[in-house]
Amino acid sequence: MSQNDLFKKVIAHSKEYGFIFQSSEIYDGLSAVYDYGQFGVELKKNLIKYWWDAVVYLNENVVGLDSAIFMHPKVWEASGHVSAFNDPLIDNKDSQKRYRADVLIEEYIEKQEAKINKEIEKASKKFGDSFDEEKFRTTNQRVINTQEKIENIRQRYVDALNRDDLAEIKKIIIDCDISDPVSGSKNWTDVRKFNLMFDTRLGSLSEEANKIYLRPETAQGIFLNFLNVQKSGRMKIPFGIAQTGKAFRNEIVARQFIFRMREFEQLEMEFFIRPGEEKEWFEHWKNSRMDWFKALGLEDSKLRFHDHDKLAHYAEAATDIEFEFPFGFKEVEGIHSRTDFDLGQHQKFCGKKLQYFDPDLNKSYVPYVIETSLGLDRLFLMILSASYCEEKNEKEDGKIEERVVLRIPDFLAPVKLAVLPLVKKDGLPDIARKIRDELKFTFNCHYEEKDSIGRRYRRQDAIGTPFCITVDHQTSQDETVTIRYRDNMVQERVPVNKLREIAEEKVSMKKILEKLNK
Ligand code: ATP
């Protein structure tokens, strides 16, 4: 299956099985806004719990917070979002389509890199074992030329972004001969800046003075409460404050399903440290966050770091954790060394001291900050695209059975266990319901009696349920049931009173957290 097909199938599957719906679908939808359905919301809650337990509960010095979405408008002046939270946009005059100019250039660079990789692949096939990639890269003229072109464009692009030189960005698009991906036209407007913040009015008066913003990141709520938490919690530096919540960005081009949304959710942590210790803590959180991703048990080769070429207005160092989505490697989490920028700015704008008295150094200072910022919806898409599988299996009678199975890590599965009476009579539904009633305090358990048992298994496979329990006529005689495992479809007969133990062992988040804690 091609990656493009995989992506289309993941989108269709999400809707068909109650994971994700387009917002306001009955009114033809609202662009780049999505609702999470009955199984989506469970997966989302499990992902949040995994993050919260690992970041807050495993660390003695990290605490939580839930700040409001609305904040004083000055917050966004201080943070730099009013003046600098812009994307460069460009329109194609023929197709009337709007694009992010920086994305057009980045995609162009990616295409050139793909060209080089193709050349390497071709040569490696031709020369077999004797192929020396390093030598090929430094001697093949076509590869050398393309590499030079990439470096030249990248340098011009980074310089232009740093200087905010919109005319130069347009010139790069023209010089690279970049065309509209939809129409092929090269008839571009000038590049303009577009602020990504949504605004609204506070109270009943629609005056400029009442303008407030929907937060474009959850982080600022943490900075505003730095002293409240530090004082009320008697926190000693280094310490962190974590929070999860909605953020809003008026993205210019919102494509790729839940990858880029206008309303999305973030899982952020700001870690306050002594100035001068930022390099060690940046490394610490970089590694700790990558370990967290790897503990999900997906293919490690699909995860990588990507250091930023251009740093955001607040950052001293920044790296992204990227995942290989069906549409390529893209950012899921950002890790930023933010210096004392945010607290320093708020100090200036509010006129109050936002400092910490360090008893060990016997002096006060504005702490430095390392931020980890994860997008929940991108994490969700990562889990779905990594776990979607189509399989053909030969049954005992030689027939081929097809199934779609979501191999979601067991501890994250929306439904952990489904209890299914083999038939809807002979008292089996009552026994099955009783089993579910006993297990429902430990997991999210489902009861289902409609359709043949085979169809019910396939339905549970499609939503990623790790265990199906079948209650049959033998159950009423010897109190045993069959347990069927999602991944290998093996069925075993087990005593009813062992069910909790068997399932709990496999779906436990504790095991994963214990590994992370080492
Ligand atoms: P991008 O470059 O993709 O626009 P960003 O660098 O602006 O992302 P950050 O400001 O670092 O993103 O935000 C932290 C995290 O929030 C990102 O890693 C991503 O997972 C998530 N995120 C940001 N914007 C969106 C969005 N529009 N939709 C969904 N998730 C988002």
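The values are calculated or read from the model by the stated rules, or taken from the named source; none is laboratory data. Keep in mind it's a predicted model, so treat the numbers as computed, not measured. Note that each Cβ is placed from the backbone with ideal geometry, even for glycine, and that neighbours are counted across all protein chains shown.
Between Leu428, Leu439, which is over 30 Å from Trp292 (Cα atoms) and surrounded by fewer than 22 Cβ atoms within 10 Å (Cβ to Cβ)?
Leu428
Output the number of the condition that Ala32 fails; it satisfies all remaining conditions of (1) within 22 Å of Val404 (Cα to Cα); (2) surrounded by 15 or more Cβ atoms within 10 Å (Cβ to Cβ).
With (1) within 22 Å of Val404 (Cα to Cα); (2) surrounded by 15 or more Cβ atoms within 10 Å (Cβ to Cβ) applied to Ala32, the lone miss is (1).
So which of Lys246, Lys236 is at pLDDT 95 or above and farther than 30 Å from Ile90 by Cβ?
Lys236
For Phe325, all conditions in the list (1) within 18 Å of Val75 (Cα to Cα); (2) of a type in the set (A, V, I, L, M, F, W, C); (3) within 12 Å of the ligand (Cβ to nearest atom) hold save one; what is the number of the exception?
That leaves (1) as the condition not met.
Please tell me if Leu89 is out of contact with any strand residue (DSSP E or B) (no Cβ under 9 Å at 6 or more places or on another chain) and surrounded by fewer than 21 Cβ atoms within 10 Å (Cβ to Cβ).
no
Enumerate the pairs (first residue in the stretch 482-509 and on the phi > 0 side of the Ramachandran plot; second residue anywhere and assigned to a strand (DSSP E or B) and not aliphatic (A, V, I, L, M)) with beta-carbon separation below 9 Å, excluding pairs fewer than 6 apart on the same chain, so at least 6 apart or on different chains.
If the second residue must be assigned to a strand (DSSP E or B) and not aliphatic (A, V, I, L, M), the pairs left are Met489/Asn393; Met489/Arg403.
Any idea which of Val10, Val63, Val55 is under 30 Å from Asn287 (Cβ atoms), surrounded by 20 or more Cβ atoms within 10 Å (Cβ to Cβ) and touching a Gly at 6+ places or on another chain (Cβ under 9 Å)?
Only one candidate passes the filter, namely Val55.
Need pairs with beta-carbon distance below 6 Å; first residue closer than 15 Å to Pro367 by Cα and within the stretch 265-284, second surrounded by fewer than 19 Cβ atoms within 10 Å (Cβ to Cβ) and of a type in the set (Gly, Ala, Ser); sequence gap 6+ or separate chains.
Phe282/Ala317
When the residues of the stretch 254-288 are filtered to those that are basic (Lys, Arg) and within 15 Å of the ligand (Cβ to nearest atom), which remaining residue is farthest from Leu227 (Cα to Cα)?
Arg255
Kindly evaluate Glu299 against the criterion of being charged (D, E, K, R), in contact (Cβ under 8 Å) with a residue 12 or more places away in the chain and within 30 Å of Lys363 (Cα to Cα).
So Glu299 does not fit the description; no.
Any idea how many residues of the stretch 133-183 are in contact with a Ser or Thr (Cβ under 9 Å, 6 or more places away or on another chain) and not aliphatic (A, V, I, L, M)?
So the count comes out to 6.
Surrounded by 12 or more Cβ atoms within 10 Å (Cβ to Cβ), out of contact with any helix residue (DSSP H, G or I) (no Cβ under 6 Å at 6 or more places or on another chain) and hydroxyl-bearing (Ser, Thr, Tyr): is that true of Ser204 in this structure?
no
Out of the residues in the stretch 49-96 meeting the condition of being over 22 Å from Asp165 (Cα atoms) and basic (Lys, Arg), tell me which one is modelled with the highest pLDDT.
That would be Lys49.
Could you tell me which numbered condition Gln460 fails, if it satisfies all but one of (1) closer than 18 Å to Val405 by Cβ; (2) in contact with a Lys or Arg (Cβ under 6 Å, 6 or more places away or on another chain)?
(2)
Does any residue of the stretch 312-320 turn out to be in a strand (DSSP E or B), among the charged types (D, E, K, R) and modelled with pLDDT of 95 or more?
Yes: the stretch 312-320 contains one or more residues that are in a strand (DSSP E or B), among the charged types (D, E, K, R) and modelled with pLDDT of 95 or more.
Confirm whether Ile370 is in contact with a Gly (Cβ under 8 Å, 6 or more places away or on another chain) and in contact (Cβ under 8 Å) with a residue 12 or more places away in the chain.
It is false that Ile370 is in contact with a Gly (Cβ under 8 Å, 6 or more places away or on another chain) and in contact (Cβ under 8 Å) with a residue 12 or more places away in the chain.
In the stretch 161-191, what count of residues is obtained for those that are under 27 Å from Ala84 (Cα atoms) and either without any contact (Cβ under 8 Å) to a residue 24 or more places away in the chain or surrounded by fewer than 16 Cβ atoms within 10 Å (Cβ to Cβ) (or both)?
11
Got a sec? Which of Gly297, Gly334 is outside any strand (DSSP E or B) and of a type outside the set (Asp, Glu)?
It is Gly297.
Working only within the stretch 239-251, note down all residues that are within 16 Å of the ligand (Cβ to nearest atom) and crowded, with 18+ Cβ neighbours inside 10 Å.
If the condition is that a residue be within 16 Å of the ligand (Cβ to nearest atom) and crowded, with 18+ Cβ neighbours inside 10 Å, then Ala242, Gln243, Thr244, Gly245, Ala247, Phe248, Arg249 are the ones that fit.
As an exercise: evaluate Val332 against (1) away from the ligand (no atom under 16 Å from the Cβ); (2) closer than 30 Å to Val10 by Cα and give the number of the one condition it does not meet.
The single condition Val332 does not satisfy is (1).
Pick out, from the stretch 340-458, the strands (runs of 3 or more DSSP E) lying fully within it that include 2 or more residues that are within 16 Å of the ligand (Cβ to nearest atom).
Passing ranges, in order: 368-375.
Return the total of residues in the stretch 211-238 being in contact with a Phe, Trp or Tyr (Cβ under 8 Å, 6 or more places away or on another chain), within 16 Å of the ligand (Cβ to nearest atom) and part of a loop (DSSP other than H, G, I, E, B).
Residues in the stretch 211-238 being in contact with a Phe, Trp or Tyr (Cβ under 8 Å, 6 or more places away or on another chain), within 16 Å of the ligand (Cβ to nearest atom) and part of a loop (DSSP other than H, G, I, E, B): 2 in total.
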